[in-house]
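Heads up: the structure comes next, in structure tokens.
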């Protein structure tokens, strides 16, 4: 993984890496740490696994991270987003 990423960003100046579901790859923490130390990159890691959001991530990334939790829309927000007026049908649709 490291060699592939390094090859992809080599010679391109500052790069932004968006890496999703990394918890599925063994040793991802080492790759991210090494890239942060050796390349001109901003790295954004996303995932749905609770391990990725746990306090263990601070150990994995040597404390160099900012956690940004993303929550689902409230029913009121969903209704505004969908321009819906009927609360009951909006609720049913939001569950799909």
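Can you sort 70, 41 from fewest to most other Cβ atoms within 10 Å of each residue's own Cβ?
On the way: 70 5, 41 17.
By the 10 Å Cβ count, ascending: 70, 41.
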| Going by how many other beta carbons lie within 10 Å of each one, how would you line up 82, 12, fewest first? | 12, 82
| message | For a quick check: sort 25, 43, 9, 68 by the number of other beta carbons within 10 angstrom, fewest at the front. | response | 68, 25, 9, 43
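Throughout, read-outs are computed from the coordinates displayed, never taken from laboratory work. Bear in mind the structure is a predicted one, so any value in this text is a computation, not a measurement. Every residue, glycine as well, gets a Cβ built from its backbone with ideal geometry; the counts of neighbours run over all protein chains shown.
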